[in-house]
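Working notes, structure below.
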Amino acid sequence: MGLIIPSIDLSGGLVVKRVRGVKGSELVKLNLTEALSLVKDYPLVHVVDLDGAELGKPVNVDSIVKIGMAMNGKCEVGGGVRGIEDAELLLRYCSRVILGTVAVENTPLLLSMVNKLGEDKVGIALDTDGEWLMTRGWGVKARRIMDVIGDLPKVGVVVYTNVRVEGTGMGPRVEEGLVKRLKEIGNETYYAGGVSNCSDVEYLWGLGFDGVIVGYALYVKGVRCSA
């Protein structure tokens, strides 16, 4: 058994669910109060500032403050965190920052941020389209995952997202052998992308993931699984 972690994807102050991250494909748009009522009983929420990821700096900070207050800091947040100042700002409200673009494109900066902030305060997002890692709001096909993974430092969590099935409910997609590699980097490993039902969650726990991030299943299908 592992964690079930609802996602809160922010755009324009609303909580949205996009198909494969494509702007304009929103299946759901909720106000923050509606979303928080659905997730407040979970032990952790995974927050992504979609606008921030595109612009390269935190944008939906007001919403992140409200999430942090509602969850008593039991949130991890990414999207546009490109430097230590961004990370320190967001760590006032959530217990961990998630770095995607920095982790893939600027490993020395990642190392310095881990050293300064502490291993458990930092997570890495590996957002994949096939063998490629996507950065800058999933707009850039940056590097192959196997070329990157050996250079990454130990961090609090690694979040592996399969972009091809994100927001589709088509079922999870991950190679079993990859989970072992992810565990070498993250004290915990989380999966996101394609999760549609509780059987998907249990399958991913069985592969060795410590947590499963749910968005489509919760917001579109109304599925609620118990840990």
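Below are the figures for this structure:
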| quantity | calculated |
| --- | --- |
| Condition met for ASP86 (at pLDDT 95 or above, surrounded by 17 or more Cβ atoms within 10 Å (Cβ to Cβ) and acidic (Asp, Glu)) | yes |
| Options GLY208, GLY193; residue that is within 16 Å of VAL165 (Cα to Cα) and either modelled with pLDDT of 95 or more or not β-branched (Val, Ile, Thr) (or both) | GLY193 |
| Residues that are among the acidic types (Asp, Glu) and free of Cβ contacts under 8 Å to residues at least 40 places away in the same chain, drawn from segment 103-130 | GLU105, ASP127, ASP129 |
| Of all residues making up segment 1-16, the number that are under 27 Å from SER226 (Cβ atoms) and at pLDDT 95 or above | 10 |
| Any hit, segment 109-124, residues being over 24 Å from VAL28 (Cβ atoms), in contact with a helix residue (DSSP H, G or I) (Cβ under 6 Å, 6 or more places away or on another chain) and modelled with pLDDT under 95 | no |
| Inter-residue pairs, beta-carbon under 7 Å, first closer than 18 Å to VAL19 by Cβ and charged (D, E, K, R) and in segment 188-204, second modelled with pLDDT of 95 or more and in a loop (DSSP other than H, G, I, E, B), 6+ apart | ASP200/GLY171; ASP200/PRO172 |
| Pairs where the first residue, in segment 59-71, is under 17 Å from VAL81 (Cα atoms) and the second is hydroxyl-bearing (Ser, Thr, Tyr), C-beta under 6 Å, 6+ apart | ILE64/TYR93; VAL65/TYR93; GLY68/TYR93 |
| The lone exception for TYR219 - which of (1) touching a residue at least 40 places away in the same chain (Cβ under 8 Å); (2) touching a Lys or Arg at 6+ places or on another chain (Cβ under 7 Å); (3) more than 22 Å from GLU26 (Cα to Cα); (4) among the hydroxyl-bearing types (Ser, Thr, Tyr) it fails | (3) |
| Scope segment 73-102; condition more than 22 Å from THR161 (Cα to Cα), within 16 Å of the chain's Cα centre (by Cα) and not in a loop (DSSP other than H, G, I, E, B); matching residues | none |
| First in segment 163-177 and of a type in the set (Asp, Glu), second anywhere and modelled with pLDDT of 95 or more and assigned to a helix (DSSP H, G or I), Cβ under 8 Å, 6 or more apart | GLU176/LEU207 |
| Residues of segment 103-131 that turn out to be β-branched (Val, Ile, Thr) and in contact with a Gly (Cβ under 8 Å, 6 or more places away or on another chain), as a count | 2 |
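The values are calculated or read from the model by the stated rules, or taken from the named source; none is laboratory data. Predicted, not measured: the structure shown is a model, and the values here were computed from it. Positions of Cβ are backbone-derived with ideal geometry, glycine not excepted, and every protein chain shown enters the neighbour counts.
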